[in-house]
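Here's the structure we're looking at; comments come further down.
The values are calculated or read from the model by the stated rules, or taken from the named source; none is laboratory data. It should be emphasised that the depicted structure is a prediction, and the values quoted were computed from it without experimental measurement. Because the Cβ atoms are built from the backbone with ideal geometry, glycine has one as well, and the counts that use them run over all protein chains shown.
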């Protein structure tokens, strides 16, 4: 569970403070599909980064599974992210010389997991996203939708229970985007992963269990519903 209480975030531009977040409070429960939405410049990404400890609030606090991450130092927050969050970037970044399997296994190898165990776990995770048959290919040989699913696999290989996504379908065509959304829903409903997703696409809102609308650094509306199945 993630709890934000009266979170404010200021940046200094020149000599003047810029109030990006103006006191946001929200609770995201385990195994929810939460969607954060709103116009560009509203503070969505800053709020998301604060929830996962990439940014520290100027005031207020964020707790993850009962742990107050607002008082942690950078190394402690980094360690918590590695254990609890899987962060999926909008644009995948690959080591082009490596295969799909090797790219997915990389977080485990960096964490000093034995090579055999790392590759076995990477293969298992590729099966989860339906791309095991592409394990020996280079990521750049895959379609955009397939690359994003490999990106998911790399984020899931450490078994995080919270998956964090900022515009995960922003660079995809409608067919590939639908495949990615179906995968997200499967991870949420069948594998009980908590999903925390930012989107500009209002067509995706029926999929969420919790909808958080942010405008001008404030939560304008928060809705609980039963997410629609794709």
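The table that follows gives values for the structure above.
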{"quantity": "Enumeration of residues in region 47-83 that are under 13 Å from the mean Cα position of the chain (by Cα) and under 22 Å from residue 11 (Cα atoms)", "calculated": "47, 48, 49, 50, 51, 52, 53, 54"}
{"quantity": "Breaking point among (1) in contact with a helix residue (DSSP H, G or I) (Cβ under 6 Å, 6 or more places away or on another chain); (2) within 18 Å of residue 155 (Cβ to Cβ); (3) in a loop (DSSP other than H, G, I, E, B), for residue 101", "calculated": "(3)"}
{"quantity": "Total residues in region 14-43, condition in a strand (DSSP E or B), modelled with pLDDT of 95 or more and out of contact with any helix residue (DSSP H, G or I) (no Cβ under 9 Å at 6 or more places or on another chain)", "calculated": "5"}
{"quantity": "Among the residues listed as 162, 198, the single one being more than 23 Å from residue 108 (Cα to Cα), in contact (Cβ under 8 Å) with a residue 12 or more places away in the chain and within 15 Å of the chain's Cα centre (by Cα)", "calculated": "198"}
{"quantity": "Residue in region 166-180 that is closer than 12 Å to residue 33 by Cα and either surrounded by fewer than 14 Cβ atoms within 10 Å (Cβ to Cβ) or without any contact (Cβ under 8 Å) to a residue 24 or more places away in the chain (or both) present", "calculated": "no"}
{"quantity": "Pick from region 44-65, criterion assigned to a loop (DSSP other than H, G, I, E, B) and in contact (Cβ under 8 Å) with a residue 40 or more places away in the chain, ranking: nearest to residue 1 (Cα to Cα)", "calculated": "65"}
{"quantity": "Residue 86 in contact (Cβ under 8 Å) with a residue 60 or more places away in the chain, within 19 Å of the chain's Cα centre (by Cα) and either assigned to a strand (DSSP E or B) or over 23 Å from residue 5 (Cα atoms) (or both)", "calculated": "yes"}
{"quantity": "Selected residue (only one of 92, 160 is out of contact with any strand residue (DSSP E or B) (no Cβ under 6 Å at 6 or more places or on another chain), buried (at least 17 other Cβ atoms within 10 Å of the Cβ), over 18 Å from residue 46 (Cα atoms) and at pLDDT below 95)", "calculated": "92"}
{"quantity": "Filtered residue count, region 111-133, keeping only those that are at pLDDT 90 or above and more than 17 Å from residue 145 (Cα to Cα)", "calculated": "13"}
{"quantity": "Residue count, region 95-130 (criterion: under 19 Å from residue 161 (Cα atoms) and without any contact (Cβ under 8 Å) to a residue 12 or more places away in the chain)", "calculated": "2"}
{"quantity": "Matching residues in region 194-203 - criterion: being touching a helix residue (DSSP H, G or I) at 6+ places or on another chain (Cβ under 6 Å) and within 16 Å of residue 151 (Cα to Cα)", "calculated": "195"}
{"quantity": "Residues of region 210-230 satisfying the condition of being under 12 Å from residue 188 (Cβ atoms) and buried (at least 20 other Cβ atoms within 10 Å of the Cβ)", "calculated": "210, 227"}
